[in-house]
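Reviewing the structure listed below.
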Amino acid sequence: MTRLSTLARRLTVTLATLLAVTAAPATAQAKTATDKAPKDFVALRTVDPTIIQEMRYFKPHNFVGERIDGYRQPLCILTRPAAEALHKAQLRLLRQGYSLKVYDCYRPQRAVDHFVRWAEDLDDQTMKGEFYPNVDKTRLFLDGYIAEKSGHSRGSTMDLTIVRLPAKPTRPYLPGEPLVPCYAPKAERFPDNSVDMGTGFDCFDTLSHTLDPRIQGEQRANRLLLKSTLEALGFVNLAEEWWHYTYKPELYPDTYFDFPVSSKSLTTHW
């Protein structure tokens with residue numbers, strides 16, 4: 001790549017970052033001065049220990065390729081109402097032979113900042129082959145895949161899927177292993193014990209849109225099972241990501257927290 005084209009790409013990312021900052025809600029408040037969560041945040045496993053947890057940002061199998069800042073334990077933390085609503089969803093799915101599995105829950109602002117730094121580093125394309133094979137990295141801000149703020153930092157948003165019981169183990173990711181596009185057939189993608197949703201988690205592609213018409217048959221039925229189960233209990237799906245749900249009403253609709261993902265951050269330890 002020529003020096004001129006590299007400079008052009010970096011200018012594009014800089015402009016997109018500025019636009020993202022300008023578009024941030026004026027009422028947003030960042031909580032950055034404390035490592036303690038409010039008392040109404042809980043560890044999900046204290047509310048429902050049967051929900052499977054595969055916290056992707058604690059380990060390197062994610063679009064960045066390394067553990068993300070702020071994830072000190074592989075732990076799902078949520079506001080209590082969101083956790084209790086997930087428990088109700090889990091009870092419904094267990095009766096049908098399924099379990100929920102969470103990939104991410106509360107996400108500290110420092111983790112979002114890590115994503116932003118990675119997106120601005122156009123030379124780091126380590127995980128492109130799996131997570132964003134068809135997206136130029138200069139477009140991550142403009143296309144909405146990366147933003148300066150995340151609803152996850154408010155505590156009532158989670159990324160999740162469904163697993164058929166009994167759950168099969170998932171082998172660990174080995175850094176540097178060959179990558180397969182996240183939209184490849186399930187048998188070819190990195191193994192995940194979830195049902196087939198048509199793409200892997202965190203797939204930066206329009207095929208990840210929950211109701212993309214190209215997703216049909218069993219894959220569509222699986223997405224709709226997750227969607228109908230959660231929406232009946234007050235969750236709202238992000239249309240661009242089949243795995244992304246927010247429990248409404250949120251306890252903290254305008255506050256973005258930054259305490260670490262750790263049991264020590266919680267008022268009540270477990």
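The values are calculated or read from the model by the stated rules, or taken from the named source; none is laboratory data. Everything numeric in this text was worked out from a predicted model, so none of it was measured. Virtual Cβ from ideal backbone geometry, glycine too; neighbours counted across all protein chains shown.
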Exactly one of LEU160, LEU233 is under 26 Å from HIS87 (Cβ atoms) and touching a Leu at 6+ places or on another chain (Cβ under 6 Å), and that one is LEU160
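Just to check your reading of the model, which residue among LEU122, LEU75 is among the hydrophobic types (A, V, I, L, M, F, W, C), surrounded by fewer than 23 Cβ atoms within 10 Å (Cβ to Cβ) and more than 17 Å from ARG154 (Cα to Cα)? Reasoning before the result, please.
Values: LEU75 fails: more than 17 Å from ARG154 (Cα to Cα).
From the options LEU122, LEU75, the qualifying one is LEU122.
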Cβ pairs under 6 Å, 6+ apart or interchain, first in the stretch 184-199 and part of a loop (DSSP other than H, G, I, E, B), second among the aromatic types (Phe, Trp, Tyr), ordered by first then second residue, are MET197/TRP242; THR199/TYR183
Looking across the stretch 60-85 at residues that are out of contact with any Phe, Trp or Tyr (no Cβ under 8 Å at 6 or more places or on another chain) and assigned to a helix (DSSP H, G or I), the single one that is farthest from THR170 (Cα to Cα) is GLU84
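Restricting to the stretch 128-168, and then to whatever is basic (Lys, Arg) and not in a loop (DSSP other than H, G, I, E, B), can you tell me which residue is surrounded by the fewest Cβ atoms within 10 Å (Cβ to Cβ)?
Taking the stretch 128-168 as the starting set, the residues that turn out to be basic (Lys, Arg) are 128, 137, 139, 149, 154, 164, 168.
Then drop every residue that is not not in a loop (DSSP other than H, G, I, E, B), which leaves 128, 137, 139, 154, 164.
Values: LYS128: 18, LYS137: 22, ARG139: 17, ARG154: 22, ARG164: 14.
Applying the filter and picking the extreme gives ARG164.
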The residue that is surrounded by the most Cβ atoms within 10 Å (Cβ to Cβ), considering only those in the stretch 171-227 that are within 17 Å of the chain's Cα centre (by Cα) and among the small types (Gly, Ala, Ser), is SER194
The condition from (1) out of contact with any helix residue (DSSP H, G or I) (no Cβ under 6 Å at 6 or more places or on another chain); (2) of a type outside the set (A, V, I, L, M); (3) at pLDDT 95 or above that THR34 misses is numbered (3)
Among residues of the stretch 239-255 being under 16 Å from the mean Cα position of the chain (by Cα) and touching a residue at least 40 places away in the same chain (Cβ under 8 Å), the residue surrounded by the most Cβ atoms within 10 Å (Cβ to Cβ) is TRP242
ARG45 vs (1) outside any helix (DSSP H, G or I); (2) under 19 Å from the mean Cα position of the chain (by Cα): all pass except (1)
